[in-house]
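Down below is the structure, laid out as structure tokens.
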Amino acid sequence: MSDTRIIDLHMHSTASDGSLSPEEVARAAKKAGLAAISLTDHDTIAGYPRVTDAARALGVEVIPGVEISVNFQGQSMHMLGYGFDLAHVRFRALLEELSAARRERNEKIIARLRELGVPIVWADVVRAAGGDTGNIGRPHFANAMLAKGAVKTFQAAFDRYLGDGKPAYFPKEKTGPEFAIDLIHQAGGLAVFAHPVYHGFDLSSATRAFAPLKAAGLDGVEVYYSDHTKAQREIYLSIAHRFDLLVTGGSDFHGENNKGVEMGSGRNGNLRVPYDLLAKMKGHLAARSTVRSPG
Ligand code: AMP
Ligand code: ZN
Ligand code: FE
Ligand code: FE
């Protein structure tokens, strides 16, 4: 009998810029009928083990995950890590460095917004983050600006101020993808190129971009994603095939902080990630565990 179980390997909690707590994420996964999830908060694994305990109690499988921001060809790129050792000391140190870079970046944003005459203070951003200052991100700034009436919509905050290249944009990426791939591998995990759609690739530019990443050890590509059209999915499937990369998928669920994207089912049901993909990832992880370096 064929395996009809579905999964979601890309989602955020209040440990970064999602609106649901790790426990609420686990409950939402159960409600969405998911067999397995990965919580992929930005630059932090603070949501583990809370999500793990809650999901386990509900019979939902959890695979360790994280979404790391790196600089790739002068652009911000997101690298997903999966199945790594959550206790790996050097990997945890990298995440701590990335969080520190984020905090420095956040101070620049708040100062620049003040220069631009946007009437928000740090306390407004903290409030928008639900009081959790652990890993504040641009969506929290956007919500704070919206709450103060400084912008009319969440998206306008990005379009006018916070988006890449806009007046209150400051990069926080300190490393390139090679470094992130290497540390994910040292921690026993798989490195996956997240939502390639945001890089505007066509088949030939994607092929050029993926070649050096594959050479650096990239393991997979996020083919199934809420913002991928069918045509884009086809492009990334052929990239996966060409470079012998694992295929992964997830919604990028952020709860209220990214309205219109549902856990498991994406935008208006455009997503369906089969369990089979996770089974393949686990096969690779098992093969790799025999050659892993200690943390
Ligand atoms: P940060 O990690 O703090 O730089 O925030 C990155 C997050 O901001 C992304 O994961 C998106 O959720 C959101 N984001 C970035 N750029 C845009 C944009 N142009 N429009 C809407 N959301 C964006
Ligand atoms: Zn996010
Ligand atoms: Fe991302
Ligand atoms: Fe994400």
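Okay, here's what the table says:
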{"read-out": "Among GLY18, GLY131, GLY250: highest mean-square fluctuation, GNM of the chain, C-alpha pairs under 10 Å", "value": "GLY131"}
{"read-out": "Separation of the ASP227 and GLU97 label points, Cα + 7 Å toward Cβ, nm", "value": "2.7 nm"}
{"read-out": "Lys, Arg +1 and Asp, Glu -1 on Cβ, resulting dipole of the range 75-149 about Cα centre, debye, nearest 20", "value": "200 debye"}
{"read-out": "Length-normalised contact order of the range 124-220 in % [C-alpha pairs under 8 Å, at least 6 apart]", "value": "17 percent"}
{"read-out": "Using alpha-carbon coordinates, inclination of helix 230-242 to the longest axis of the chain, degrees", "value": "50 degrees"}
{"read-out": "Residue-averaged 222 nm ellipticity for the chain, from DSSP H runs of 4+ at -39500 (n - 2.57), nearest 500", "value": "-12000 deg cm²/dmol"}
{"read-out": "Equivalent ellipsoid dimensions for the range 8-119 as semi-axes, Å, which come from the Cα gyration tensor, largest first", "value": "29, 17, 12"}
{"read-out": "Dipole magnitude of the chain about its Cα centre (Cβ charges: Lys, Arg +1; Asp, Glu -1), debye to nearest 20", "value": "280 debye"}
{"read-out": "Choice from LEU278, LEU98, LEU113 showing the highest fluctuation, given a GNM over the chain with Cα pairs closer than 10 Å", "value": "LEU113"}
{"read-out": "Solution diffusion estimate, µm²/s, Stokes-Einstein, the chain, Kirkwood Rh from C-alpha pairs, 4 °C, viscosity 1.567 mPa s", "value": "67 µm²/s"}
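Taken together, the values in this text are just the output of simple stated rules run on the coordinates, not laboratory data. Note that the structure is predicted; figures quoted are calculated from it, not measured. As a convention, Cβ positions derive from the backbone with ideal geometry for all residues, glycine included, and neighbour counts pool all protein chains shown.
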